[in-house]
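The values are calculated or read from the model by the stated rules, or taken from the named source; none is laboratory data. Nothing here was measured: the structure is a model prediction, and the numbers come from that model. All Cβ positions, glycine included, derive from the backbone under ideal geometry; neighbour counts span all protein chains shown. Heads up: the accessible areas ignore ligands, DNA and RNA and are worked out on the full protein's heavy atoms, side chains in. Shrake-Rupley method; radii C 1.70, N 1.55, O 1.52, S 1.80 Å.
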Amino acid sequence: MKNGPVFFLGLFGAMALSWGSIMLANHQLGTLAPHFDENEGKAFPERSSGIAGRGQLVYADLGCAACHTQQVRRPDFGTDQARGWGERQSFARDYIHQTRVQLGESRVGPDLANLAGRKTPPDAEDLTNLLYAGKTLDPQSKSQHPTYKFLFETREVVGQRAANAVKVANLAPGMQVVPTERARALITYLLSLNNSYAYPSETAWNTVAAVAKEGEHKAPDAKGGADAKAAPAKEAGHK
């Protein structure tokens, strides 16, 4: 090729630019630190407990990210907040303590980023029944959650019935169905998903962006105001 050196030089430059962009983004995200709230007396986001950490591994092992996301979008990018999935969008800082970030692939089911921080969050019993019976917890969802009965075991009642035993019809007398350690860890992990805390820096940035966007919509035109175009249509309606 006559332009071979130029081609390879351009190819090398493109790869170097891509690699540099990745390294820059990694540096920016890698230097993010928790925000310490003096009023609360603790840092956010909070670290998950040990069992919740094991639950995240179960979550990843079961492929839950194939049907659920963990990223609440801004109001102008979707209806996540209107659905009650979160009161604010997700930020990079929310994930700094997670070793395996489960952003998700699609939304067959609802977003789970703020599952425990919703106005009416599910409890351990709700999630236990969901995993065993596969009934959906979201009335807006048309999809049916699959059953994960392999996360449960049937065993004899010794003494009193377990507090977390599942109510199963036609079960043999003296037997009970209880969640395994994997199921308990997964439920603990799901109940730890709470990003309701608002970081001051991100909140300020969103406020500036929202004001700027609102200003664009309400910017006066050359004929005397933002409502000038709507006036003829309004008058036509009265006629």
Please determine whether any residue of the stretch 153-162 is in contact with a Leu (Cβ under 8 Å, 6 or more places away or on another chain) and modelled with pLDDT of 90 or more.
yes
Among the residues of the stretch 83-129, how many are in a helix (DSSP H, G or I), open to solvent by less than 40 Å² (accessible area, probe 1.4 Å) and among the hydrophobic types (A, V, I, L, M, F, W, C)?
3
Evaluation of residue 154 against (1) open to solvent by less than 50 Å² (accessible area, probe 1.4 Å); (2) out of contact with any helix residue (DSSP H, G or I) (no Cβ under 9 Å at 6 or more places or on another chain); (3) at negative phi (one fails), failing number:
(1)
Does residue 45 meet the test of being in contact with a helix residue (DSSP H, G or I) (Cβ under 8 Å, 6 or more places away or on another chain), within 23 Å of residue 200 (Cβ to Cβ) and surrounded by 11 or more Cβ atoms within 10 Å (Cβ to Cβ)?
yes
Being of a type in the set (A, V, I, L, M) and either assigned to a loop (DSSP other than H, G, I, E, B) or touching a Pro at 6+ places or on another chain (Cβ under 6 Å) (or both) narrows 33, 65, 52 down to just 33
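Checking the condition modelled with pLDDT under 90 and under 21 Å from residue 109 (Cβ atoms), which residue from 46, 87 passes? If you could, list the steps in order and put the result at the bottom.
Details: 46 fails: under 21 Å from residue 109 (Cβ atoms).
Among 46, 87, only 87 is modelled with pLDDT under 90 and under 21 Å from residue 109 (Cβ atoms).
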Would you check which residues across the stretch 171-184 are outside any helix (DSSP H, G or I), open to solvent by 50 Å² or more (accessible area, probe 1.4 Å) and closer than 15 Å to residue 132 by Cα and list them?
171
Show the residue pairs meeting these rules: Cβ distance below 7 Å; 6+ apart or different chains; first residue within the stretch 31-42 and farther than 17 Å from residue 196 by Cβ; second residue of a type in the set (Val, Ile, Thr) and outside any strand (DSSP E or B).
32/96
